[in-house]
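Below: one structure, written as structure tokens.
The values are calculated or read from the model by the stated rules, or taken from the named source; none is laboratory data. The structure displayed is predicted, hence computed values, not measured ones. Positions of Cβ are generated from backbone atoms using ideal geometry, with glycine treated the same way; all protein chains shown enter the neighbour counts.
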Amino acid sequence: MLTAKRIPRPVFGPTAGLLAVSLALIPGLVGDAAAQPRCGSNTVWVAGAQSTDAPVRLLVAADHEIRNEREWTRGLSLVVAEAESLLLPYLGRPLEVVRTVPWQGSVRQPSAAPLLQDLMSSVSRGDADIVVGLVRAYSFQGFSETGARVRGLANYRSAYTVLMLGGPLGDRRTPISEIGSLLAHELAHIFGAVHRRGADLLLAPGGVGTRVDALSAALIGMHRERTFGASGFPLPAPYREAARPLYRKAIEDDPSDLDARLMLARLDVETARYEEAISALEEILEEFPGNLEARGDLDLARSLWRREANRLAFVLGVAGGFMGQLPRLEYLDQRKVGACS
């Protein structure tokens with residue numbers, strides 16, 4: 001039986017006192033969002049239901065300049081092997097390139113964000129878990145703090161990432177070790193890790209370090225069974241509460257860490273803490289108005305909050321029916337309570 005762990009505002013005036021009676025009489029109308037299936041999905045993901053040693057399948061989409069490089073596929077294999085060596089101790093799953101496809105990204109764009117959006121809209125995942133875009137970029141914003149001419153960006157929910165390279169695979173400007181570290185860095189984000197401060201850390205912002213700290217290792221391990229390409233939240237439900245204090249600790253260590261703030265807000269959405277999520281996401285968008293991930297998460301939080309508010313309003317209406325105010329049957333049919341719209 002589902003129970004209401006938290007009642008979001010607004011409070012519906014003097015009739016709010018009927019809420020406890022209503023919930024007792026009509027169980028399941030209000031509950032934890034993490035325990036309820038999303039519309040359009042029949043899958044309930046349970047930790048352990050997926051083989052944790054299965055390879056993570058990568059689809060690599062490369063632009064024509066990279067594909068025209070001599071022995072680029074060999075260079076790609078070395079990059080993936082480097083990334084795998086950095087992640088395998090914590091992820092417990094090898095990396096496997098299932099196929100490569102051509103992709104002509106807008107290589108003259110100075111930022112990774114529009115490239116990532118183009119990749120997500122133009123390259124289909126197919127049977128792969130993660131899509132990796134590779135482009136040559138001769139000028140772009142935000143060079144690595146270490147001076148490496150590589151840059152990347154990942155989208156956690158969609159499991160897409162783009163790598164921008166300032167030179168050929170294995171060139172002195174873009175050595176295999178640095179591209180491999182960058183790929184591992186972006187894949188770690190897809191597996192729930194957030195930025196950490198420390199020049200030698202794999203998750204350092206803009207860096208190409210190799211060391212994985214304990215907090216990042218724990219988050220990556222929790223995400224080893226994450227979903228890909230599904231409508232639900234990637235992190236399996238049994239790990240969501242355990243992940244919360246880790247993201248809080250990341251924010252304590254670095255209050256400016258946008259990734260950790262986003263992840264905590266997403267966990268708030270998935271556990272029906274809609275007010276906290278909306279407040280946090282609105283604050284993020286005030287600081288970063290162009291952040292598309294935050295915008296999408298905010299739209300989702302508001303939509304779920306409105307749906308929960310409608311459920312509460314209906315519950316209160318049914319409770320009011322015990323005082324001679326029972327809603328008309330045709331109204332109930334019109335509302336299609338509990339159905340996916």
Only one of these conditions is not met by Ser279: (1) among the polar types (S, T, N, Q); (2) at pLDDT 85 or above; (3) farther than 30 Å from Ala214 by Cβ. Which number is it? (3)
Within the stretch 185-234, tally of residues that are crowded, with 18+ Cβ neighbours inside 10 Å, not in a loop (DSSP other than H, G, I, E, B) and not small (Gly, Ala, Ser): 10
Which numbered condition Leu332 misses (of (1) over 30 Å from Ala113 (Cα atoms); (2) at pLDDT 50 or above; (3) surrounded by 14 or more Cβ atoms within 10 Å (Cβ to Cβ)): (2)
Say we look at the stretch 235-257 and pick out the residues that are among the hydroxyl-bearing types (Ser, Thr, Tyr) and assigned to a helix (DSSP H, G or I); which of these is farthest from Glu287 (Cα to Cα)? Tyr239
Only listed residue being surrounded by fewer than 21 Cβ atoms within 10 Å (Cβ to Cβ), at pLDDT below 95 and touching a Gly at 6+ places or on another chain (Cβ under 7 Å), chosen from Ser158, Ser144: Ser144
Confirm whether Leu300 is part of a helix (DSSP H, G or I), closer than 30 Å to Met263 by Cβ and either at pLDDT 50 or above or among the aliphatic types (A, V, I, L, M) (or both). yes
Please count how many residues of the stretch 269-286 are part of a helix (DSSP H, G or I), in contact with a Leu (Cβ under 9 Å, 6 or more places away or on another chain) and in contact (Cβ under 8 Å) with a residue 12 or more places away in the chain. 10
Residues that are surrounded by 21 or more Cβ atoms within 10 Å (Cβ to Cβ), assigned to a helix (DSSP H, G or I) and under 24 Å from the mean Cα position of the chain (by Cα): does the stretch 95-113 have at least one? yes
